[in-house]
Amino acid sequence: MRKKIIAGNWKMNKSFDDAMALTSEVVNMINDEYKGSALTVLIPPSLYVNSVSRMVKGNVFSGAQNCHQEVSGAFTGEISAAMIKSCGAEYVIIGHSERRQYFGETNALLAKKVDSVLANNLTAIYCCGETLEEREVNKHFEVLKSQISEGLFHLTNEQMQHVVVAYEPVWAIGTGKTASTAQAQEVHAFIRNLLKEKFGAAVSDNVTIQYGGSVKADNAVELFSAPDIDGALVGGAALQSRSFVDIVKAMK
Ligand code: PGA
């Protein structure tokens with residue numbers, strides 16, 4: 001049975017005190033209110049990962065939004081997967097569309113970052129997704145195929161078990177426009193099939209595929225009912241404890 005995972009990506013938001021308050025609220029609410037088996041992951045700005053990692057417990061884990069591909073060295077301003085691991089986090093988002101778009105991250109670079117994450121016994125949340133223009137000219141499957149194959153197909157079957165894939169159509173991120181459940185399910189099934197062709201059914205059946213892009217408590221129930229949607233990567237709605245915990249609770 002593949003894991004169901006709801007992750008909150010706080011992006012570049014919150015003061016330290018506000019981040020601590022949000023963490024303790026979410027941890028307490030999940031432990032008090034949530035009886036399901038989905039895992040919750042809090043992904044604060046990297047400066048707060050250490051503190052958040054020490055506050056999570058039970059089925060709540062922590063992660064980072066990005067890392068450098070090297071273990072250490074003269075890379076001023078960067079942080080490595082080894083450092084993230086040493087602070088107690090378990091997940092690292094790799095290839096969020098904002099990293100691809102604003103920081104020029106390519107599939108080839110992301111493949112190296114995935115390697116670094118896995119070499120440090122962390123789980124990579126590997127993001128993929130098409131832009132509106134790409135969907136409008138019906139190129140989305142082609143784009144997704146290159147993102148997945150160039151970023152992940154060098155991995156072994158064993159390594160692939162430590163990767164979560166997040167499908168986030170760029171046109172749905174922070175826009176209030178969610179992909180319909182049918183649109184998301186179609187892409188999730190396509191991704192699972194790509195993984196099956198490369199790694200076999202035993203691996204692909206166990207890969208958690210999250211949907212991301214304007215997920216809210218009121219659309220989560222329907223999205224989570226689709227057979228290949230195994231959770232969500234949540235941005236805006238993860239910045240408040242109530243709205244985020246209600247999304248987790250939508251996963252029965
Ligand atoms: P959003 O962001 O939920 O605010 O659309 C999702 C994401 O970028 O991961």
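Laid out as a table, the results:
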item: Pairs where the first residue, in region 56-76, is farther than 22 Å from Lys11 by Cβ and the second is among the small types (Gly, Ala, Ser) and in a strand (DSSP E or B), C-beta under 7 Å, 6+ apart; result: Glu70/Ser80; Val71/Ser80; Ser72/Ser80
item: Val49 within 18 Å of the chain's Cα centre (by Cα), in contact (Cβ under 8 Å) with a residue 12 or more places away in the chain and assigned to a helix (DSSP H, G or I); result: yes
item: Residue in region 161-172 that is buried (at least 21 other Cβ atoms within 10 Å of the Cβ) and away from the ligand (no atom under 16 Å from the Cβ) present; result: yes
item: Residue match in region 108-119 (condition: within 16 Å of the ligand (Cβ to nearest atom) and in contact with a strand residue (DSSP E or B) (Cβ under 9 Å, 6 or more places away or on another chain)); result: yes
item: Filter pass, Ala250 being away from the ligand (no atom under 12 Å from the Cβ) and buried (at least 21 other Cβ atoms within 10 Å of the Cβ); result: yes
item: Given (1) open to solvent by less than 40 Å² (accessible area, probe 1.4 Å); (2) outside any loop (DSSP other than H, G, I, E, B), number of the condition Leu155 does not satisfy; result: (2)
item: Enumeration of residues in region 85-106 that are surrounded by 17 or more Cβ atoms within 10 Å (Cβ to Cβ) and within 21 Å of Leu155 (Cα to Cα); result: Lys85, Glu90, Tyr91, Val92, Ile93, Ile94, Gly95, His96, Arg100, Glu105
item: Every residue from region 199-247 that is under 19 Å from Asn31 (Cα atoms) and more than 14 Å from the ligand (Cβ to nearest atom); result: Ser241, Arg242, Val245
item: Count of region 93-107 residues which are within 16 Å of the ligand (Cβ to nearest atom) and of a type in the set (Ser, Thr, Tyr); result: 2
item: Filtered residue count, region 55-82, keeping only those that are farther than 22 Å from Val248 by Cα and either among the small types (Gly, Ala, Ser) or touching a strand residue (DSSP E or B) at 6+ places or on another chain (Cβ under 9 Å) (or both); result: 16
item: Conditions (1) within 16 Å of the ligand (Cβ to nearest atom); (2) assigned to a loop (DSSP other than H, G, I, E, B); number of the one not met by Gly77; result: (1)
item: Residue that is of a type in the set (Val, Ile, Thr) and farther than 29 Å from Val56 by Cα, where the choices are Ile209, Ile247, Ile191; result: Ile191
item: When residues of region 1-29 are limited to those that are open to solvent by less than 10 Å² (accessible area, probe 1.4 Å) and not in a strand (DSSP E or B), the one farthest from His96 (Cα to Cα); result: Val27
item: Candidate set from region 184-201 (those that are free of Cβ contacts under 8 Å to residues at least 12 places away in the same chain and not charged (D, E, K, R)); member that is most open to solvent (accessible area, probe 1.4 Å); result: Asn193
item: Filter result for Ile125 (in a strand (DSSP E or B) and modelled with pLDDT of 95 or more); result: yes
item: Conditions (1) under 20 Å from Ser214 (Cβ atoms); (2) touching a residue at least 12 places away in the same chain (Cβ under 8 Å); (3) in contact with a helix residue (DSSP H, G or I) (Cβ under 9 Å, 6 or more places away or on another chain): number failed by Val164; result: (3)
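The values are calculated or read from the model by the stated rules, or taken from the named source; none is laboratory data. All of these numbers come straight from a predicted model, not from anything done at the bench. Please note: Cβ atoms are built from the backbone with ideal geometry, for glycine as well, and neighbour counts cover all protein chains shown. The area values use the complete protein model at the heavy-atom level, side chains included, leaving out ligands, DNA and RNA. Shrake-Rupley method; radii C 1.70, N 1.55, O 1.52, S 1.80 Å.
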